[in-house]
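A.B. asks: Here's a structure for you.
Rule-based calculations on the coordinates, nothing more; no lab input. Bear in mind the structure is a predicted one, so any value in this text is a computation, not a measurement. Cβ coordinates were reconstructed from backbone atoms using ideal geometry, including for glycine residues, and neighbour counts include every protein chain displayed.
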């Protein structure tokens, strides 16, 4: 497959978006309607990372716009996250067929883009939404049910895993946990900003 990773030594948001939009690193590009880069402020202090686009996201070209996204937006609004304080992205930028979790190979092909996004955004806090984000950001040995709500520090970033909003749609008992996690993340963000 043709390489979508171009490195001229100078990176900026426009170049990153062009590189992602032209990516052919894995087979996910073949069935996508849209590349889903992210949404929010590119100068945000908080970066949310999910697993990958679903059907609604693929059609609209934006992450977290389906039912799970609406639930996340409600929580952020309810907790009064400041406008411009966050950016939302995913491990992979193209929709896996049938909304399945991305394979390790698909994630590895796309992670350089997420790393570039993270460098350009320069957040202080990263919130991993769900097991796939936890596995690829913190490591395969971590399980969401064991690390959820905990804090990790890596390369100057404070990282907190929490449940993916889609998990809350399947199990309402998890809503209070996610609410408290997001509340704590906002408190930490306000303290370090």
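A.B. asks: Going by C-beta contacts inside 10 Å, put 80, 178 in order with the fewest on the left. Please report the intermediate quantities before stating the final value.
C.D. replies: On the way: 80 9, 178 22.
Ranking 80, 178 by Cβ neighbours within 10 Å, fewest first, gives 80, 178.
A.B. asks: Fewest first, what order do 177, 189, 86 take by the number of other Cβ atoms within 10 Å?
C.D. replies: Details: 177 16, 189 21, 86 24.
Listing 177, 189, 86 from fewest to most nearby Cβ atoms yields 177, 189, 86.
A.B. asks: Most mobile of 104, 181, 58 per a Gaussian network model of the chain (Cα springs, under 10 Å)?
C.D. replies: Residue with maximal mean-square fluctuation among 104, 181, 58: 104.
A.B. asks: Given the convex hull over the Cα atoms of the chain, what projected area results after averaging over all orientations, in nm²?
C.D. replies: On the way: hull surface 41.6 nm².
So the Cα hull casts an average projection of 10.4 nm².
A.B. asks: Restricting to the range 13-192, compute how many DSSP beta bridges are antiparallel as a %, nearest 5. If you can, show how the numbers build up before the last one.
C.D. replies: Numbers: 5 of 19 bridges.
The antiparallel fraction comes to roughly 25 percent.
A.B. asks: May I pose another question? Which angle from 0 to 90°, rounded to the nearest 10, does the C-alpha axis of helix 67-78 make with the longest principal axis of the chain?
C.D. replies: Helix 67-78 sits at roughly 50 degrees to that axis.
A.B. asks: With a 10 Å Cβ neighbour count serving as the proxy for reagent exposure, in which order, fewest first, do 164, 136, 142 appear? All intermediate terms of the calculation are to be shown ahead of the outcome.
C.D. replies: Numbers: 164 25, 136 21, 142 18.
Placing the least packed residue first, the sequence is 142, 136, 164.
A.B. asks: Which residue, 172, 57, 141, tops the fluctuation ranking in a GNM of the chain built on C-alpha contacts under 10 Å?
C.D. replies: Per the Cα network of the chain with a 10 Å cutoff, 141 tops the list.
A.B. asks: For the chain, what does the relative contact order come out to in percent, with C-alpha contacts under 8 Å and a separation of six or more? Numbers along the way, then the final one.
C.D. replies: On the way: 328 pairs, mean separation 43.2, N = 193.
Dividing the mean separation by the residue count of the chain yields 22 percent.
A.B. asks: Helix-only mean residue ellipticity at 222 nm, the chain, DSSP H runs n ≥ 4 weighted -39,500 (n - 2.57), per residue, nearest 500. What is it? Provide the component values of the computation, followed by the final result.
C.D. replies: On the way: 8 runs with 80 residues, N = 193.
Result for the chain: -12000 deg cm²/dmol, rounded to the nearest 500.
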